[in-house]
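So the structure is just underneath, and the comments pick up after that.
The values are calculated or read from the model by the stated rules, or taken from the named source; none is laboratory data. This structure is a prediction, so every number in the text was calculated from the model and none was measured. Cβ atoms come from the backbone with ideal geometry, glycine included; neighbour counts cover every protein chain shown. These area figures cover heavy atoms from the full protein model, side chains too; ligands, DNA and RNA do not enter into them. Shrake-Rupley method; radii C 1.70, N 1.55, O 1.52, S 1.80 Å.
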Amino acid sequence: MSQQKKKNAKNISNKNLGTYLSIFSVMISIIAVYFTFQQNSLTREHNRLSVIPHINSYFSDNRDEELFGVYIINNGLGTAIIKDLEVFVNGKEIIGDSEVKFYLAIQKLGLDESCFYILTPRNGDTMAINEELALIKIKNRAPKCAIAQTYLFHKGISFNYIIYYESLYGEKFKYTYLDNEQVRL
């Protein structure tokens, strides 16, 4: 083989090698971009899950420490942003502004609202992680209040409420007191 043919063959193989290396480099870059997007997606999902609130509510009858009432707590990993509140007495929804629905429920039951401390979460209120609030709490031990507390928290009375709230990522949830259940909407 002549010198010129060897040189041309070497140039062709160098050009092919360069082309193959370029294609291979582009393929590796595409794969790296794909895995970067996958990792970012997993990180976003992890961040979303790490700030999910979990509302829980319970009735306490610890009279010794004057913790007699209905309490709410955020046991989740993130702040709960309250969006709406529905209150029910004997299966019928109490209609009115959110700020007074618990008062209206107490009145509908024929109870003296002066016997209770009432806190009603409003649209836009937040509950921090591990924040606990007394929603309805007996105020004093007067005889009329003893009757009120017995009546309100008697198992035969259907007192219920539903709180609608969101996580910081805008995920919507609903908590129902009687079911003690949080549901993602």
Exercise. Find how much the distance from LYS92 to ASN130 grows on full extension, using 0.36 nm per residue of separation minus their present alpha carbon separation; answer in nm with one decimal.
Key: 10.6 nm
Quiz item: With every protein chain in place, what's the accessible area of GLU181 (1.4 Å probe, Å², nearest 10)?
Solution: 90
Quiz prompt | Carbon + sulfur, % of accessible area of segment 16-118 - ligands and nucleic acids excluded, 1.4 Å | solution = 58
Self-check item: Point-charge dipole on Cβ atoms (K/R +1, D/E -1) for segment 60-126, about Cα centre, debye to 20
Solution: 240
